[in-house]
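Enquirer: Please see the structure below; I have some questions.
Derivation of every value follows stated rules applied to the coordinates shown; laboratory data play no part. What you see is a predicted model; the values in this text were computed from it and never measured. No Cβ is skipped: glycine too gets one built from the backbone with ideal geometry, and neighbour counts run over all protein chains shown.
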Amino acid sequence: MAAPKKGRRPSGQGKPGRALAFILIAMVALTGGMFFSGHTTPRLGIDLAGGTSITLEAKNEPGKPNAINKTNMDTAVGIIERRVNGLGVSEAEVQTQGDRNIIVNIPKGTNEKQAREQVGTTAQLYFRPVLTMSAGKPTPDPSASKTPDPSASGKDKPKAGSGDEHATPTASPTTQGRAVTDGLKADPTPSAGEKGKGDEKPSATETPKPDADDAAAAKKLQAQFMALDCTKKDQRVKAAQGVKSSDPMVGCGKNAIGQWEKYILGPAEVDGKDVDDAQAVINDRGQWIVTMKFNSKGADKFSKITTQLKTQQSPQNQFGIVLDGEVVSAPSVSETLSKSAEISGSFNQESATELANILSYGALPLTFQEQSVTSVTAALGGEQLQAGLIAGAIGLALVVVYLVVYYRGLSLIALLSLLASGILTYTLMSLLGPAIGFALNLPAVCGAIVAIGITADSFIVYFERVRDEVREGRSLRPAVERAWPRARRTILVSDFVSFLAAAVLFIVTVGKVQGFAFTLGLTTLLDVVVVFLFTKPLMTLIARRKFFANGHPWSGLDPKRLGAKPPLRRSRTRRVPGSVDPKEA
């Protein structure tokens, strides 16, 4: 057997099994991961499973043209998501769409009116003094609640360089925090009931009544506090419902290690709208802190409340930062604070930024207007899904019939390729649901149906290139290899245009249309994978089979039926010694 000439690349049809093995392993891995995770079906969107979809558009108010930005939109998403979860909703979706839209998808079984009220109103942020606190579980006895303890720490507090009063931080729901003002640095060491320079802390006193003039209301509030179980969502939500800013309340929050704690909080002393600005910054010790600045009205109110709190023992020297009824932080105070303050403790960049955004959001002129509200019953969603599946089945059946009639034996390769594409698409959709929140809505089903045509088109391009080579008189094996470069370019260009259209559609559209764009883009990428790693290697393998290589009438590659030219090779005649060459005669 002659060796290939120097400089010529060996044939690319030698090891097609490697590509087939790779894609088969990928399909097995994805299928196994789907069953292992327990997510064996794609997650259905609101329009198919039933529920309510609300589209909100952020609006600037006069004088604040730059309030709509990514940071504030992300903060709004977090707040709205907290509110939706507060309704007891499971698997709700809250996400930004574009620069100024938020999509809220709430599954079936939710009160639509209540949901719209929750997601469309401005966040309620208040600063409330802490009257008492304890662990988040129900308290069997009033003495179990935390009371001020002057001997909580026996450490002496280091003195500040300026000789001014020191802050004494205590544990808070999200941080171990303290507040500092006017550039005065506080003592970083957590302690409770320590002496400040020139200031003696009063001894522990009995927990004050939330409302001394109304013993019945105070007794009821105390009973509510004792019975509250913060580990249960329904109890947390119920405790915060219908509470006025001027009334005391019970509330829940998480401490630095993620455990629930419960509080009795006094009437709101400072409104979130009084916060002019809040930022997450790194202090001179390399620690993340949150700085706050108040407007003139807020500075007066904050100065008044911190003057009262600094003389109290822990936890009554703390104020709770309450967002929509939940205590997000409860720093302690040991000095009068006015126009500016800082909260420090066990922050990292993420937690400091989150708290700063929450504080800022209460003062931002960022409101939302409903763009659309769509309600779909579960029955209607099921009918839409069934109709979409029927349409897809009809489209697939027509494609199969066309392939079998026109391409005969070659249709087997097309059908196996469609099957491989279907397996990859289904498993990825099932896994992307829990991974990135992908939900299969009706437009996404339409995108999958359109993808059947795109995938079939790639097979047809390759098959026609191979048949063209056979028409030129080439045998099947070289025809398969010569047709591939031309078909490959056409397929890549076609798929690139489809993917580009899907990407642009995904970026510029809002809401459910993005489901169509995402599915179209995903299936277009899978088309490239299947054609390169499955269809082409499989075509190389079948070209070695006599049924196809010899051009059987049912192979789809019959040279006579295709109108092939004579073979592209010159016939050679062996000269017998002594005979006369016809050209010499």
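Enquirer: Tally Lys and Arg at +1 and Asp and Glu at -1 over the other residues with C-beta under 10 Å from the C-beta of SER494: what net charge comes out?
Expert: Summing Lys and Arg as +1 and Asp and Glu as -1 gives -2.
Enquirer: Let me ask something else about it. Sort 479-488, 124-133, 50-59, 277-286 by packing, meaning the average of other beta carbons within 10 Å per residue, with the highest value first.
Expert: Values: 479-488: 19.2, 124-133: 24.4, 50-59: 20.9, 277-286: 13.4.
So the order, starting with the most tightly packed, is 124-133, 50-59, 479-488, 277-286.
Enquirer: OK, next. What FRET efficiency would be calculated for the residue pair ALA435, MET27, taking the C-beta separation as r and a Förster radius of 22 Å, to the nearest 0.05?
Expert: Computed FRET efficiency for ALA435 and MET27: 0.80.
Enquirer: To continue, here is another question. Counting only the backbone N, which residues of region 524-559 are under 15 Å from the spot 7 Å out from the Cα of ALA501 toward its beta-carbon?
Expert: 524-525
Enquirer: Using the count of nearby Cβ atoms within 10 Å as a rough guide to exposure, how do PHE534, PHE302, PHE547 rank from fewest to most?
Expert: PHE547, PHE534, PHE302
Enquirer: For region 274-327, how big is the tail of P(r) above 14 Å, as a whole percent of Cα pairs?
Expert: Roughly 68 percent, once rounded to a whole number.
Enquirer: Tell me whether region 382-438 comes out rounded, prolate or oblate; compute the Cα gyration tensor, take square roots of the eigenvalues as a ≥ b ≥ c, and use a/c under 1.5 as the rounded threshold.
Expert: Cα axes put region 382-438 in the oblate bin.
Enquirer: Ok, one more. From the cross-link list LYS70/LYS238; LYS238/LYS262; LYS15/LYS546, which pairs have alpha carbons spaced over 25 Å apart?
Expert: Values: LYS70/LYS238 32 Å; LYS238/LYS262 14 Å; LYS15/LYS546 19 Å.
Where the Cα-Cα span goes over 25 Å, the pairs concerned are LYS70/LYS238.
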